[in-house]
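Structure, as structure tokens:
The values are calculated or read from the model by the stated rules, or taken from the named source; none is laboratory data. As the structure is a computational prediction, the values presented were derived from the model and not from experiment. Glycine gets a Cβ as well: all are built from the backbone with ideal geometry, and neighbour counts include every protein chain shown. In case anyone asks, the SASA skips ligands and DNA or RNA and just uses the protein heavy atoms, side chains included. Shrake-Rupley method; radii C 1.70, N 1.55, O 1.52, S 1.80 Å.
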Amino acid sequence: MTTYASYLPGGFLPDPLPARESTWIDHGDYRVHVERIGDPGAADCVVLLHGAGGHAGMLWPYAAAIAAHGVHVVVPDLPGYGRTRTASPGRVRYPDWVELAARVVTAQRQRHTGHLVVVGASMGGLLGYDAATRTGVVDGLVATCLLDPSDARARRAMARPSWLGPIAPALLTVIAGPLAGVRVPIRWLAKMDAISNHPAVRAAVLADRLGGGNRIPLGFLRTFLTSRPAVPPERADLPVVLAHPADDRWTPAAVSMPFFDRLAGPAEVVLLANAGHLPVEQPGAAQLIETVVAMARGR
């Protein structure tokens with residue numbers, strides 16, 4: 001397994017490291033791996049959601065840095081990634097992610113008396129928004145992106161090649177049915193080589209069989225591109241911080257702003273200085289942790 005901690009700045013990880021536990025839950029046809037970092041008895045909790053090409057192991061250094069502030073952090077491996085398993089990988093669909101994220105969030109609300117915050121990385125940002133607004137039990141959301149698949153500009157930014165973005169929903173509808181279960185390398189369809197501004201990190205992600213080197217079913221991509229949040233942003237009172245990497249060469253901040261500008265609740269933008277899509281650079285990486293901890297503590 002790739003050790004992503006080695007790519008983060010010196011001093012980013014706390015010393016000593018917080019407790020780290022692997023747990024498992026059964027969810028439909030999935031055996032879901034969930035990492036729990038820090039003190040499970042802490043009042044405040046963060047549910048950290050990865051995006052396409054991510055998994056709990058990739059996000060563990062960020063979870064550890066958050067947990068060092070006395071916050072319990074829960075990181076599920078969403079179906080198709082990480083150590084989560086299924087007998088039918090070609091049947092993974094985006095609604096499975098939404099249902100699982102909502103279940104994890106609801107379970108953590110039952111366990112924690114303090115603030116409950118969802119943090120979504122990349123496409124996990126809108127996933128976190130949907131899970132938070134569907135359940136109504138979350139105190140805030142921190143998202144590194146808010147990629148609305150109904151927006152052609154967002155699809156163009158995500159897709160490889162760019163011209164595929166605007167026509168992707170119609171194209172994937174045509175090839176639905178038996179082809180929906182066909183699994184293809186995610187790097188064929190998404191700009192995974194832009195996940196980091198550092199060549200070594202990009203290479204690590206693309207070689208990671210649990211993440212960016214994985215395959216996804218065409219049916220997953222189709223259901224993501226045709227998905228819509230249950231609660232439109234104009235009706236959401238959820239506090240949101242868009243903590244967007246300032247030097248994101250995959251999905252620039254402008255791509256997230258159309259959805260962000262529609263939010264009815266308290267909303268703030270924090271630009272993570274010098275940081276790429278996967279924020280391994282300082283000071284942006286530290287800014288992300290500070291932003292999450294502040295919201296988790298209700299500040």
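Filtered by the rule that a residue be out of contact with any Lys or Arg (no Cβ under 7 Å at 6 or more places or on another chain), assigned to a loop (DSSP other than H, G, I, E, B) and closer than 16 Å to PHE259 by Cα, the stretch 130-162 gives THR144, CYS145, LEU146, LEU147, ASP148, ASP151. Restricting attention to the stretch 47-103, the residues being within 17 Å of ARG20 (Cα to Cα) and among the hydrophobic types (A, V, I, L, M, F, W, C) number 17.
Considering the stretch 213-260, the residues that are at pLDDT 95 or above and among the aromatic types (Phe, Trp, Tyr) include one that is surrounded by the fewest Cβ atoms within 10 Å (Cβ to Cβ), namely PHE260. Check the stretch 171-181 and report whether any residue there is open to solvent by less than 20 Å² (accessible area, probe 1.4 Å), modelled with pLDDT under 95 and part of a helix (DSSP H, G or I). Yes; the residues of the stretch 171-181 include at least one that is open to solvent by less than 20 Å² (accessible area, probe 1.4 Å), modelled with pLDDT under 95 and part of a helix (DSSP H, G or I).
Take the stretch 45-57 and flag every residue that is farther than 14 Å from LEU288 by Cβ and in contact with a His (Cβ under 8 Å, 6 or more places away or on another chain). Passing the criteria: CYS45, ALA56. Note on the stretch 1-10: among residues that are more than 20 Å from the chain's Cα centre (by Cα) and in a loop (DSSP other than H, G, I, E, B), the one that is surrounded by the fewest Cβ atoms within 10 Å (Cβ to Cβ) is GLY10.
Just so you know, in the stretch 76-102 the residues that are among the basic types (Lys, Arg) and in contact with a Ser or Thr (Cβ under 9 Å, 6 or more places away or on another chain) include one that is farthest from ASN214 (Cα to Cα), and it is ARG93.
With a requirement of 3 or more residues that are farther than 29 Å from ARG109 by Cβ, the strands (runs of 3 or more DSSP E) lying completely within the stretch 188-299 that satisfy it span 215-217. The residues of the stretch 60-76 that are in contact (Cβ under 8 Å) with a residue 60 or more places away in the chain and within 23 Å of GLN110 (Cβ to Cβ), listed by number, are ILE66, HIS69, VAL71.
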